[in-house]
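The values are calculated or read from the model by the stated rules, or taken from the named source; none is laboratory data. The structure displayed is predicted, hence computed values, not measured ones. FYI the Cβ positions are ideal-geometry reconstructions off the backbone, even for glycines, and counts take in every protein chain you see. Quick note on the areas: whole protein, heavy atoms, side chains included, nothing else; ligands and nucleic acids left out. Shrake-Rupley method; radii C 1.70, N 1.55, O 1.52, S 1.80 Å.
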Amino acid sequence: MAADNEVIMAGYETVAGVFGTHRYHHGAEDDARCVSAHNVLATAMAFQQFLTKAI
């Protein structure tokens, strides 16, 4: 991918990315009904661990 090469060419040796999706991701029916407080908490905690390890 061109973007990957641009990051590496900019001198970054280590790169981390985050990708998320679900059935209604950015679709017309993606609204508060698609959000689970439990899943938001689990995702936030996992992201915090990800950042802690990445830094």
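Condition first: assigned to a loop (DSSP other than H, G, I, E, B) and either open to solvent by less than 100 Å² (accessible area, probe 1.4 Å) or at pLDDT 85 or above (or both). Now tell me which residues in segment 1-11 satisfy that. Walk me through how you get there before you give the answer.
So the first thing to find is which residues in segment 1-11 are assigned to a loop (DSSP other than H, G, I, E, B), and the list is 1, 10-11.
Ala10, Gly11 - these are the residues of segment 1-11 that are assigned to a loop (DSSP other than H, G, I, E, B) and either open to solvent by less than 100 Å² (accessible area, probe 1.4 Å) or at pLDDT 85 or above (or both).
For Arg23, all conditions in the list (1) in contact with a helix residue (DSSP H, G or I) (Cβ under 9 Å, 6 or more places away or on another chain); (2) open to solvent by less than 80 Å² (accessible area, probe 1.4 Å); (3) without any contact (Cβ under 8 Å) to a residue 24 or more places away in the chain hold save one; what is the number of the exception? In the conditions (1) in contact with a helix residue (DSSP H, G or I) (Cβ under 9 Å, 6 or more places away or on another chain); (2) open to solvent by less than 80 Å² (accessible area, probe 1.4 Å); (3) without any contact (Cβ under 8 Å) to a residue 24 or more places away in the chain, Arg23 misses (2) alone.
All conditions but one from (1) open to solvent by less than 80 Å² (accessible area, probe 1.4 Å); (2) part of a helix (DSSP H, G or I); (3) of a type in the set (A, V, I, L, M, F, W, C) apply to Ala16; the one that does not is (2).
Restricting attention to segment 26-41, the residues that are surrounded by 10 or more Cβ atoms within 10 Å (Cβ to Cβ), part of a helix (DSSP H, G or I) and more than 13 Å from the chain's Cα centre (by Cα) total 3.
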